[in-house]
Amino acid sequence: MTTPSSQNAPNRRQWLSMALAATATITGPALAQSTAFPTKPITLLVPYGAGGPTDQHLRALAEVAGQQLGQPVVLDNRPGANGTNAAAALARAAADGYTLAILPASVYREPFINKVPYDPATTFSYLLLLSDYTFGLAVPANAPWKTWADFAADAKRRPGKINVGAAGAIGTPRIVMDEIAAAAGIELNMVPYKGDADITAALLGGHLDAAPLSGVAMPHIESGKLRYLVMLTEKPLPNDSKTPTLVDSGIPLWIDSPYGLAAPRGLPPERAQRLHDAFKKALESPASQKVMAQLNQRANYLGPTEYRAYAIQTLAREKTRVARLRERGQLD
């Protein structure tokens, strides 16, 4: 026997439909909120101190990338440890996209020199390569050499008498300068410094004869206090047709020292793509282009697949370099 109330009550199928609709109404916005990214500021670990060339470029990138992402990108400077502090911190970070790091060239060399908490082949999600430091062999404006040939000839006449400054005992510029000296058959007195700012001051003060310097030299070159004797780049710069490269002089060596953006291994693909796209637009932005022009740099973009391949290739190259340094007694 049925009653009026039972006749008007929903049947089982109707109850199920109503329950599903209610669940969708409740969980839909919550689910969308949980998958939204980012919902809070992103930390970008920088392996160098504030105010340097890398920091200047990254601040311009962070501003534009933050606008693209809808959340601030906050720089966290971690200098020291041959430029690997940021990579070490990234290895301990959660793979949620809220902690990123800049990886310089030294990241691929350090595992063969010291114990580090990361493996460049497996620890990181490579997002994109950004730019490459543009190095040249800087000398005071009144230096007696006008060309690389003049410099090399003088070095042959006076072995070990020309003082050349470079950051660190095993930094990329120092290693490449040693390789250049060996290829040219000359002996230079390499003087280690903490960083390019100290080197520049020593060069301007007459305490050094020459130094491989990147964009930090540009204000002094433009003011006429320094000049590039030769560019230590693979190819001539589009905006500098006057200064030859070392390759033009017959020595196929250059300083390859790019930096790129990475996240911890295991970053969800959709978040990796979102970060890649935001920082690629930032790299291409007028603000980024302006800073790179001031630093005499240019974009050196590689996407995630190409960037990872570059990292693996560079890791193998640095293993060989470190073995050579040990053979020469430059490392314990």
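The values are calculated or read from the model by the stated rules, or taken from the named source; none is laboratory data. Please read these numbers as outputs of a predicted model, since none were measured by experiment. Using ideal geometry, Cβ is built from the backbone for each residue, glycine included, and neighbour counts are taken over all protein chains shown. Note: accessible area is taken over every heavy atom of the protein model, side chains too, but ligands, DNA and RNA are not part of it. Shrake-Rupley method; radii C 1.70, N 1.55, O 1.52, S 1.80 Å.
Restricting Arg317, Arg274 to those that are in contact with a helix residue (DSSP H, G or I) (Cβ under 9 Å, 6 or more places away or on another chain), open to solvent by 60 Å² or more (accessible area, probe 1.4 Å) and more than 23 Å from Gly97 (Cα to Cα) reduces the list to Arg317. Note on the range 228-253: residues that are open to solvent by 30 Å² or more (accessible area, probe 1.4 Å) and touching a helix residue (DSSP H, G or I) at 6+ places or on another chain (Cβ under 6 Å) total 2.
Per the listing Ala87, Ala149, Ala155, the residue uniquely open to solvent by 40 Å² or more (accessible area, probe 1.4 Å), of a type in the set (Gly, Ala, Ser) and part of a helix (DSSP H, G or I) is Ala149.
Asp132 meets all of the listed conditions (1) modelled with pLDDT of 95 or more; (2) open to solvent by 10 Å² or more (accessible area, probe 1.4 Å) but one, namely (1).
Scanning the range 50-84 for residues that are part of a loop (DSSP other than H, G, I, E, B) and open to solvent by less than 30 Å² (accessible area, probe 1.4 Å), we see that the one that is modelled with the lowest pLDDT is Gly52. Filtering Ala210, Ala262 for residues that are under 30 Å from Thr123 (Cα atoms) and either surrounded by 18 or more Cβ atoms within 10 Å (Cβ to Cβ) or aliphatic (A, V, I, L, M) (or both) leaves a single hit, Ala262.
Condition test on Leu75, is it within 19 Å of Tyr307 (Cβ to Cβ) and under 16 Å from the mean Cα position of the chain (by Cα)? Judged against the criteria, Leu75 is not a match. In the range 175-186 there is no residue that is in contact with a Ser or Thr (Cβ under 8 Å, 6 or more places away or on another chain), open to solvent by 10 Å² or more (accessible area, probe 1.4 Å) and modelled with pLDDT of 95 or more.
Every condition in (1) open to solvent by less than 20 Å² (accessible area, probe 1.4 Å); (2) at positive phi; (3) in a helix (DSSP H, G or I) is met by Gly97 except one, and the failing one is (3).
When the residues of the range 187-198 are filtered to those that are at pLDDT below 95 and surrounded by 17 or more Cβ atoms within 10 Å (Cβ to Cβ), the one that is farthest from Gly51 (Cα to Cα) is Tyr193.
Evaluate the following for Leu208: is it assigned to a loop (DSSP other than H, G, I, E, B) and among the aliphatic types (A, V, I, L, M)? Yes. Within the range 93-131, the set of residues being within 18 Å of the chain's Cα centre (by Cα) and acidic (Asp, Glu) comprises Glu110, Asp119.
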